[in-house]
Amino acid sequence: MNTSCKEFVSYIIHDAPKYNKSNVEDAASRRYKFVKDRTVYHNQYFAVRFSYSKSSSESFSNTVLSLSVLEKYDKIPFFVVLVRQSADNLILLANTTFLKKISHSSQKLSMTNIKGSFNGADIMRDYGGTANSPDNFDYLFAIHQGLEWEDNLMRLVDATSNIVPVNQKFCPTAIEEKNIFNSVQRAIDFVKSKYFQVLDDDLNERCNKCRNEILIASHIENTNIRGRLIESLITSDDEERKRIIENLKDMENALPSYDTKNGLGDYHVEYKDADTYTDIKTKVVYLHSNPKAYNVDKFLRQMADTRSVFMFFFIGVDESSIFNTLLCSVYHDKLISNTIMQFHWAGRSTRGAAQFNGTAIDEMLKENGFSNHIDVSQAKEYLKGLLNR
């Protein structure tokens, strides 16, 4: 999180008024120049909802916000501040990643019908063993940034009472499971083939065509806009790329309106012996982040195809330049060792999502003489663990 968020958290804990919700709202609004959207106060860096309790307990059952309103602010830190009549202010992160379920008026909630609200009791106080508290907000929000709205919505639909899950775990046949394990050898064969260099050259050429624009985009604080913009710059054809570059100042409208949520990777190219799916990840090395790797069921379903190869194209950006790029197999041994599985986050009907330890990607980008090292035994054990979830 940026310094403005951290300063706000410190202010609420140490310096803000206490015991009276109106006083806290007024003081914070003046200090941070908030815009008020019904019950939500926000600026360009974060949003906050203030609640009140006569109890000194950290538990509260108040209705906090509708899910449809939270969607508007879910790409920035969304805080809930509980002002207590006889205790210090309490602050929690309440982005969708940290909601257990939707409670109020949610019977018609679905992936295409955003209904219902969440209560204070629906906000997780512990995420996979990490407390939802100020000391951990940086780490927790980095996790949230690596997940998408659709991922969290799927889980909330699944977790909400009396809702029939809309997605199911991918259950491969015996032949498909064999294909999944064979994908390790396919990856080895591809990175040794001439087509690996063809793909690497293609992606680097595309990157070089918009090198300055990628560097500009890397300074965009909103990770979702930043990632989508850079992916679009690289994967678009020359005409579309020119339009995006000409409209960089209007970043949201510059993005092409295409839907990639049903596929794996951003860039699909077919070669003689392989169909490659490459996910483009920009890693800004001076920012802490744990980027999303993939939806596990989508990954397994694609690897069940006899020709599929999954790669990551990492673009390393520092304060002044794109200093390196890497075309990396999903089965690279260091990548597997630094994949964080969000199984506890998943709904009962899916295997959840995978994220990467961002520090490990930084280290790989700084390596001299990088090569794709794939440990067959490690990769197959990794796949076995995914399939057994």
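The values are calculated or read from the model by the stated rules, or taken from the named source; none is laboratory data. Everything quoted here is computed from the prediction, not taken from an experiment. FYI the Cβ positions are ideal-geometry reconstructions off the backbone, even for glycines, and counts take in every protein chain you see. Heads up: the accessible areas ignore ligands, DNA and RNA and are worked out on the full protein's heavy atoms, side chains in. Shrake-Rupley method; radii C 1.70, N 1.55, O 1.52, S 1.80 Å.
Per residue, what accessible area does the stretch 20-95 have, given a 1.4 Å probe and all protein chains present, in Å²?
Result: 45 Å² per residue.
State the extension gain, in nm to one decimal, for the chain segment bounded by LYS33 and GLU71, taking 0.36 nm per residue of separation less the distance between their alpha-carbons.
11.5 nm
Put a dot 7 Å past each Cα toward the Cβ at SER337 and ILE216; how far apart are the dots in nm?
Rounded to a tenth, the inter-label distance reads 4.0 nm.
Using the Karplus curve 6.51 cos²θ - 1.76 cosθ + 1.60 with θ = phi - 60°, what ³J(HN,Hα) values do you get for each residue of the stretch 226-241, in whole Hz, with x for Gly and Pro?
4, x, 5, 5, 5, 4, 5, 4, 7, 8, 6, 6, 4, 5, 5, 4
Quick query: amide H of TYR52 versus all other amide H atoms, modeled in the peptide plane; which residues come in under 5 Å with a sequence gap of 5 or more or a different chain?
Residues meeting the criterion, in which the H sits 1.01 Å from N, are VAL83.
Computed FRET efficiency, Cβ-Cβ of ASP126 and SER10, R0 25 Å: what is it to the nearest 0.05?
Calculated value: 0.65.
Using alpha carbons only, how many degrees (0 to 90, rounded to 10) separate the axis of helix 174-192 from the longest principal axis of the chain?
Once rounded, one gets 70 degrees.
Pull up all non-local amide H partners of TYR45: gap of 5 or more, or a different chain, and H-to-H distance under 5 Å with H placed in the peptide plane.
Amide H neighbours of TYR45: none.
Between GLU367 and ALA174, what is the label-point separation in nm under the 7 Å Cα-to-beta-carbon projection?
Between ALA174 and GLU367, the label points sit 3.8 nm apart.
Rounded to the nearest 500 deg cm²/dmol, what is the calculated helix-only ellipticity per residue at 222 nm for the chain, with -39500 (n - 2.57) per DSSP H run of length n ≥ 4?
Helix-only estimate at 222 nm: -11000 deg cm²/dmol.
Taking a threshold of 30 Å on the Cα-Cα distance, which of the pairs LYS75/LYS115; LYS36/LYS242; LYS36/LYS209; LYS100/LYS178 fall above it?
Correct reply: LYS36/LYS242; LYS36/LYS209; LYS100/LYS178.
For a quick check: with amide H placed at 1.01 Å from N, whose amide H comes under 5 Å from ILE91's, ignoring anything fewer than 5 positions away on the same chain?
LEU82
Can you send over the carbon and sulfur percentage of the accessible area for the stretch 297-344, probe radius 1.4 Å, protein chains only?
Ligands and nucleic acids excluded, carbon and sulfur reach 46 percent.
Under a GNM of the chain (C-alpha, springs under 10 Å), which listed residue has the highest mean-square fluctuation: SER51, SER377, SER59?
Among SER51, SER377, SER59, the largest mean-square fluctuation in the Gaussian network model of the chain belongs to SER377.
Note down the nm distance, to one decimal, between modelled labels 7 Å out along Cα→Cβ at ARG389 and at ASN62.
Spacing of the two 7 Å Cα→Cβ label points: 3.6 nm.
In the stretch 295-331, which residues have a backbone nitrogen under 16 Å from the label point lying 7 Å from ASN208's Cα in the Cα-to-Cβ direction?
Taking a point 7 Å out along Cα→Cβ of ASN208, the residues of the stretch 295-331 whose backbone N falls under 16 Å are 322-327.
Rounded to the nearest 0.05, what FRET efficiency is calculated for SER110 and SER193 with R0 set to 41 Å and r the Cβ-Cβ distance?
Between SER110 and SER193 the formula returns 0.40.
Determine the principal axes of the Cα atoms in the stretch 1-112, then give the extent along each, sorted from largest to smallest and rounded to whole angstroms.
Largest first, the stretch 1-112 extends 42, 32, 22 Å along its Cα principal axes.
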